[in-house]
Amino acid sequence: MTKKDSDIAFNLISRQKINGLTSEEKLNFIIKEVKNGKILVLEQGLTPIEQTSLIERTMKEIEQDTFIGVEMEGYGEDTPTFLQKLFGMAKRPRMTLIGPANLLKMIKKDNDMIQTKIISGSGAK
Amino acid sequence: MGIFRKGRLSAIIQKIFGKKHAKIGIYGPPNVGKTTLANRILRDWTGDIMGSVSEIPHETRRAKWKKDVRVENGASSLMMDIVDTPGISTKVDFKEFMNTWGLTKEEAKKRAKEATEGVIESIKWLEDIDGVLLVMDSTQDPFTQVNVTILGNLEARNLPVLIAANKIDMEDSSPATLKSAFPQHPVVPISALTGYNSDTLYSTMIKHFGKKRKKKWR
């Protein structure tokens, strides 16, 4: 069976996989997958500093006819409790959805729900 | 007795504990009114303006700054370098400039390329500022990833941020939504276009950006 052009690939990336990468490796991985038309659901997202770096990297990678940028939506960071802070736990990013901007569009987002839609016809390569 | 007058006392407190000079970046997504606000601040305190404004997104594609802008409120004041930054976004599509705004393909591609460079420049400026005036459009959903990312970045660096809930002159504006979305930061509803509530913005800027803070180095 041949793969259709409009097939859309979702990859769910585990916390372990993300935690095992350096910030630079995470960005390389995300950019590579998203440029290939994949939508990533990261079980644990990026820190705000990494997100800013991702925006910067995305701008450098934009190719006007083939890659116009990313759509990225996630929840804010989990704030540790007083006891967790005592044991040195820092804020932790939560689940994040990242995909190519020509394929994924955010509809609505609030504290409890992220609603997106897929723009068909630009699936994974 | 004069020393205890409200204005005098706050001026003395500022002199002892406060900053005298701060570099403040005006940040936000495209088309929220950053340059309109920068023009308002400069017109009010220097008689000058920062740059041109347009309804087409990404009008400001290079950062512009004005040094030594003294903003006063009674006996308190703060000297600021104001940096007007290009709008930050996660995508730039030249076709949008053609289809929505009627630019030619050549103009649209040029604008898109400059816009991507502008976003990079805005992010680079984050390393070199003391505080951020984050402009949000109070007629729009506040939970955009750009707003959340900028705020998270500033919190991680321990940089002070003041949210200007702009466009409250518009019928469908809802500054209360912004306030409830980001309760950890001061939010001042304004209209950069009409100047509404500018005095409150200026006094909050002096108070908020005048505090001494330890920067987190990353």
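The values are calculated or read from the model by the stated rules, or taken from the named source; none is laboratory data. These numbers come from a predicted model, not from an experiment. Cβ atoms come from the backbone with ideal geometry, glycine included; neighbour counts cover every protein chain shown.
Brief remarks follow.
- When A:L27, A:L42 are checked against the criterion of being over 24 Å from B:K124 (Cβ atoms) and at pLDDT 90 or above, a single residue qualifies: A:L42.
- Residue match in segment B:179-186 (condition: part of a helix (DSSP H, G or I) and away from chain A (no Cβ under 14 Å)): yes
- Per-region count, segment B:122-159, residues more than 10 Å from chain A (Cβ to nearest Cβ), of a type in the set (D, E) and assigned to a helix (DSSP H, G or I): 2
- Long-range neighbours under 6 Å by Cβ, at least six apart or interchain, first residue more than 21 Å from B:V148 (Cβ to Cβ) within segment B:88-105, second among the β-branched types (V, I, T) and assigned to a loop (DSSP other than H, G, I, E, B): B:D93/A:I68; B:W101/B:I56
- The single condition among (1) farther than 26 Å from B:K20 by Cα; (2) modelled with pLDDT under 95 that B:K167 does not satisfy is (2).
- Restricting the first member to segment B:108-119 and to residues that are under 19 Å from B:K64 (Cβ atoms), and the second to residues that are surrounded by 15 or more Cβ atoms within 10 Å (Cβ to Cβ) and of a type in the set (D, E), the beta-carbon pairs closer than 8 Å and six or more apart or on different chains are B:V119/A:E56.
- Here B:K124, B:K91 are screened, and the one residue that is farther than 30 Å from B:K20 by Cβ and not β-branched (V, I, T) is B:K91.
- Residue in segment A:20-37 that is surrounded by 14 or more Cβ atoms within 10 Å (Cβ to Cβ), more than 23 Å from B:V148 (Cα to Cα) and in contact (Cβ under 8 Å) with a residue 60 or more places away in the chain present: yes
- Per-region count, segment B:85-119, residues more than 11 Å from chain A (Cβ to nearest Cβ), in a helix (DSSP H, G or I) and polar (S, T, N, Q): 1
- Of all residues assigned to segment A:55-66, at least one qualifies as being surrounded by 13 or more Cβ atoms within 10 Å (Cβ to Cβ) and modelled with pLDDT under 90.
- A residue that is of a type in the set (G, A, S), touching a residue at least 40 places away in the same chain (Cβ under 8 Å) and buried (at least 22 other Cβ atoms within 10 Å of the Cβ) cannot be found anywhere in segment B:143-163.
- Filter result (over 16 Å from B:I120 (Cβ atoms) and facing chain B (nearest Cβ under 8 Å)) within segment A:25-61: A:T47, A:P48
- Selection count where residues are of a type outside the set (G, A, S), under 15 Å from B:K167 (Cβ atoms) and not in a helix (DSSP H, G or I), scope segment B:27-56: 6
- Scanning segment B:70-84 for any residue that is within 14 Å of chain A (Cβ to nearest Cβ), over 30 Å from A:N111 (Cβ atoms), outside any loop (DSSP other than H, G, I, E, B) and over 17 Å from the mean Cα position of the chain (by Cα) turns up nothing.
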